[in-house]
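Laboratory data are not the source of any read-out in this text; all were calculated from the coordinates shown. Only a predicted model underlies this, so the values are computations on that prediction, with no experimental measurement involved.
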Amino acid sequence: MIFAQAVSAQVINAQIVNIEDGDTLTVRSNKGQNITVRLSCIDAPEKNQEGGKEAYNRLNTLLPKGTSIKLYPAYKGLYEHQLLVVLVVFDNKNINLQMVQEGQAWVYEHYIGVGRCSTIVKELRQGQTTAQHQRIGLWSKNNPCPPWDYRKNQCK
């Protein structure tokens, strides 16, 4: 992945241990350490939110237990919930981007200008626009509620 190498040569080889929800997973690093990671640049519906089960199921299908993946940290440091925020690559595919393209997650505009996200912002926004126009995934619903509003109880 050229964009990943251009930002940083750092890569973590890992295997899927568990999918937590549509944008959070637990992996085992090549050093044998379990790490909970959050997919950078995107925000998927919460598990108990409309679309949450679908996002979870899709990520689980894309990355079944035991799958070997590459993690590219989005920026230095940990997310507010002590998670490593990463770009996930499997079979030369950007899984974060794929989730947006399939209508399983929103572009997380709040973090889009930070670190590695800034290198793929155009592709992310284009993927979301295409999914919206095709009315696939969460975009098949009328007025889907973004997870950041759902977490603040601001959905109707």
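How far is helix 52-62 tilted, in degrees, relative to the longest principal axis of the Cα atoms in the chain, given as a value from 0 to 90 rounded to the nearest 10? Rounded to the nearest ten degrees, it is 40. In terms of its alpha-carbon gyration tensor, the stretch 89-153 comes out oblate; a/c meets the 1.5 threshold, while b/c is at least as large as a/b.
With respect to the chain, whose longest principal axis is taken over its alpha-carbon atoms, helix 121-134 is tilted by about 40°. Straight-line reach only, C-alpha to C-alpha below 18 angstrom: list the lysines that LYS65 could link to, leaving out same-chain residues fewer than 8 apart. Output for LYS65: LYS31, LYS53, LYS93.
For the stretch 22-63, go through all pairs of different Cα atoms, get the mean of 1/r, take its inverse, and jot down that Kirkwood value in Å. The partial results should precede the final answer.
Values: mean 1/r = 0.0902 Å⁻¹.
Hydrodynamic radius (Kirkwood, Cα only) of the stretch 22-63 equals 11.1 Å.
Would the chain count as rounded, prolate or oblate if I go by the C-alpha gyration tensor, calling it rounded below 1.5 in a/c and otherwise prolate when a/b exceeds b/c, oblate otherwise? Cα axes put the chain in the prolate bin. Listed by chain and number, the lysines whose alpha-carbon sits under 17 Å from that of LYS47, ignoring those within fewer than 8 places in the same chain, are LYS141, LYS152.
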